[in-house]
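The next block holds one structure in the form of structure tokens; read it before the comments.
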Amino acid sequence: MASSTPPTSAPSDRPVLRRDKHVKYWLRCLKTFLPSAYTSMDTNRMTLAFFIVSALDLLSALDSSVSADERSDYIRWIYKCQHPSGGFRGFSGTNLGAATTEENRHWDTASVAATYSALATLIILGDDLKQVRRKETLAWLKRMQRDDGSFGEVMTEGGRIEGGRDSRFCQFAAAIRWVLKGTKSVEDLGVQDINVDATVKYILSSETYDGGISEGPFFEAHAGLTFCSLGALSSLGRLNKLSPAPNASSASQELRAPSSPETLSRWLASRQTQTVEEPDEENTYGDETDSPATCHDRHAFISLPPANLQAIIDPYSKDAHGECNTSTDGTQQRPESLRWAGFNGRANKIADTCYSFWVLGSLGILDGLHVIDREAARNHLLEKTQHLIGGFGKITGDPPDLIHSYLGLAALGVVNTATAAPRDTQPHIYELYEPHVRLLDPTLCISLRAKDHLTSHVWTSW
């Protein structure tokens, strides 16, 4: 494993994560009122709680900042949001208690997104999950699956499945299933399992001509939905990686995806862009329907010749002229113009903090982080979107918000995970190591410490 302290060879001008500022930002979010802009998100309070608690865990600040009584209170509140029929509510406001009637019962629903957020937060807080209605939740999850293999968000009046028809809820559902079944099969718990093949087929039907994955057939590839699809496949045990496991059998009859991990990784690599600010006279950043009038033709997307691309894939390789791409002290040489390179979610969009995670997380799941410039990505986060009060903004100059602040940390955690045990041929890749962020599991989007609590303690106690 890599040292817990930054290597001494790091250059003095390398940007740093201002950990103390980030901890203060997240503690304000945890222990004071959120800004009024979050009022409309009260129904998603469980997910906001996950961002806050998990961020403090990634920063190794949770244990020192939260007392045992506070931790117990947080766990108690999460269980108050558990639905009697399985799953968790997004907040406690729809729990009508004794006032529940047949006429208003359909307003009190569990949410697939909130259920995963609740389980993940409980795991991070060190709970044993013994109060979770495992069988009821797994049975509810089966009811949330549509015939085409996709999942909805909530179930409303008459058993109608509502919510987006895309891979976001496939990922949540697959992760819930993985957490709650533990080392057993769902059938071993006396519950009918979801149709795994149908979900894999749904994801395969969402693949696009350029190798990415979209929200459904005939839509444009999107990095966020690509991440959700890969996360679902990973949790379901149906993922095709760039480097198959040594014991993986090519003769397996299981349906797997993506159909071409190499093509998908190439599409993900093409999401890295030097355009980190909107250069157009008319700001079209928020436009979601690209046309000749809104396409950002002047964006400086990274387009490297094969020799430079190989240098990014392997910083210690020789370039086309046979010269090593690193200096004598092991630092990687790069032109100033390539100092920052963030990620967009679709072609012809500018860099956005959240896509740093969606892309890096996707490549982390595929074992493909070597295909992008990780140092330029780190510089973009720490020099362009890291805010002076802590947290990360969406784009350069934006104030911090919960989702981008969390996903910025998560992106750094993914890179940590990929470089914590460097290859023998690359023992000094100091610039890819972030000492203030815990290693992160990209599939579950929680720290490896939290995942270890689940697999080594919770599962063994069931």
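Coordinate-derived values only; no laboratory data. Computed from a predicted structure; not experimentally measured. Heads up, the Cβs are rebuilt from the backbone with ideal geometry, glycines too, and the neighbour counts pull from every protein chain shown.
Amide H to amide H distances under 5 Å link Phe88 with His83, Ser111, Thr115, where only residues 5 or more positions off or on other chains count and H is placed in the peptide plane. Amide hydrogen proximity for Phe343: with H placed 1.01 Å from N in the peptide plane, the residues at 5 or more positions away or on another chain lying under 5 Å are Thr273, Asp352, Ser356. Taking 7 Å steps out from each Cα toward its Cβ at Thr156 and Trp77 produces label points 2.8 nm apart.
Each Cα pair under 8 Å and six or more residues apart adds its sequence gap; the mean of these over the residue count of the range 82-196 is a relative contact order of 26 percent. Round to a whole angstrom and tell me the spacing of the C-alpha centers of the range 135-198 and the range 361-381. So the two Cα centres are separated by 31 Å.
Could you sort 69-78, 210-219 so that the peptide with the highest average Cβ count within 10 Å comes first and the rest follow in order? Could the numbers behind the result be given before it?
Working: 69-78: 14.9, 210-219: 18.2.
Listed from highest to lowest mean packing, they are 210-219, 69-78.
The value for the range 92-220 of Rg(Cα) / (2.2 N^0.38 Å) is 1.15.
The HN-Hα couplings worked out from phi for the range 28-36 by the Karplus form 6.51 cos²θ - 1.76 cosθ + 1.60 (θ = phi - 60°) are 4, 5, 6, 10, 10, 5, 6, x, 4 Hz, whole numbers, x standing for Gly and Pro. Excluding same-chain neighbours fewer than eight residues apart, the lysines reachable from Lys31 by a Cα-Cα span under 29 Å are Lys21, Lys80, Lys130, Lys384, Lys394, Lys451.
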